[in-house]
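Peer 1: Got a structure for you, questions after.
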Amino acid sequence: MKADLSYPAALERLNIYIAEHNKRHTPEREMVLMEISEMPQPFTAEQLAQRCLKLRLSQATVYNTLNLFVSARILHAFNREAGRTVTEYELMTGERSHMQIICSRCGRITEAHDKAIEHIVASRKYSNFVPGHYSLRIYGQCKVCRRKLKGER
Ligand SMILES: [Zn+2]
């Protein structure tokens, strides 16, 4: 796998944001950023808070840092419906493209690999835009839910 450069790129963006907004440098933010860059993407605030327990960071610090990273455009936050609304976060400075197939009935998420799609995206050209990585979600119904649906009929 190609080396992931998301941490240095995100750290650079954090430093610019801190300078522009007259905020203080804190080691905690860099620790959280390092943790995020090592996590599978996307992730939830709960998953991050769980991983940050070993760093002895308070939940409030983790949540405040998440919000700051969204403001600094290091992370993209989006809502996913899975019975309840779940907010997920994803690094915008990431290098790794990924594709997920999501069951819209039970919310099950599976990482998927599709060489044909990777090839198509890599070959696309856009005017005034240089594409980086991508995140693709395909919604549908998993095998278990399809079987349940058939049984209900
Ligand atoms: Zn399902």
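The values are calculated or read from the model by the stated rules, or taken from the named source; none is laboratory data. Fair warning: this is a prediction, and the values are worked out from it, not measured in the lab. No Cβ is skipped: glycine too gets one built from the backbone with ideal geometry, and neighbour counts run over all protein chains shown.
Peer 1: Tell me, which residue of the range 76-91 that is under 11 Å from Ser135 (Cβ atoms) and in contact with a helix residue (DSSP H, G or I) (Cβ under 8 Å, 6 or more places away or on another chain) is farthest from the ligand (Cβ to nearest atom)?
Peer 2: If we take residues in the range 76-91 being under 11 Å from Ser135 (Cβ atoms) and in contact with a helix residue (DSSP H, G or I) (Cβ under 8 Å, 6 or more places away or on another chain), then Leu91 is farthest from the ligand (Cβ to nearest atom).
Peer 1: Of the residues that make up the range 3-11, is at least one modelled with pLDDT under 95, buried (at least 18 other Cβ atoms within 10 Å of the Cβ) and in contact with a strand residue (DSSP E or B) (Cβ under 6 Å, 6 or more places away or on another chain)?
Peer 2: Yes: the range 3-11 contains one or more residues that are modelled with pLDDT under 95, buried (at least 18 other Cβ atoms within 10 Å of the Cβ) and in contact with a strand residue (DSSP E or B) (Cβ under 6 Å, 6 or more places away or on another chain).
Peer 1: When only residues in the range 62-85 that are under 28 Å from Asn22 (Cα atoms) and without any contact (Cβ under 8 Å) to a residue 12 or more places away in the chain count, which is surrounded by the most Cβ atoms within 10 Å (Cβ to Cβ)?
Peer 2: Filtering the range 62-85 down to residues under 28 Å from Asn22 (Cα atoms) leaves 62-78.
Next cut, without any contact (Cβ under 8 Å) to a residue 12 or more places away in the chain only: 64, 67.
Numbers: Asn64: 14, Asn67: 12.
Ranking the candidates gives Asn64 first.
Peer 1: Listed residues Glu118, Glu95, Glu88, Glu28; which is in contact with a Lys or Arg (Cβ under 6 Å, 6 or more places away or on another chain) and either surrounded by 12 or more Cβ atoms within 10 Å (Cβ to Cβ) or among the polar types (S, T, N, Q) (or both)?
Peer 2: So the residue among Glu118, Glu95, Glu88, Glu28 that is in contact with a Lys or Arg (Cβ under 6 Å, 6 or more places away or on another chain) and either surrounded by 12 or more Cβ atoms within 10 Å (Cβ to Cβ) or among the polar types (S, T, N, Q) (or both) is Glu88.
Peer 1: Something else about it: Can you find a residue in the range 97-118 that is closer than 30 Å to Ile18 by Cα, touching a residue at least 24 places away in the same chain (Cβ under 8 Å), away from the ligand (no atom under 16 Å from the Cβ) and not basic (Lys, Arg)?
Peer 2: Yes, the range 97-118 contains a residue that is closer than 30 Å to Ile18 by Cα, touching a residue at least 24 places away in the same chain (Cβ under 8 Å), away from the ligand (no atom under 16 Å from the Cβ) and not basic (Lys, Arg).
Peer 1: Determine, yes or no, whether Arg124 is within 16 Å of the chain's Cα centre (by Cα), among the basic types (Lys, Arg) and more than 15 Å from the ligand (Cβ to nearest atom).
Peer 2: The answer is no for Arg124.
Peer 1: Taking only the range 127-153 into account, find how many residues are more than 10 Å from the ligand (Cβ to nearest atom) and surrounded by 10 or more Cβ atoms within 10 Å (Cβ to Cβ).
Peer 2: Matching residues across the range 127-153 total 9.
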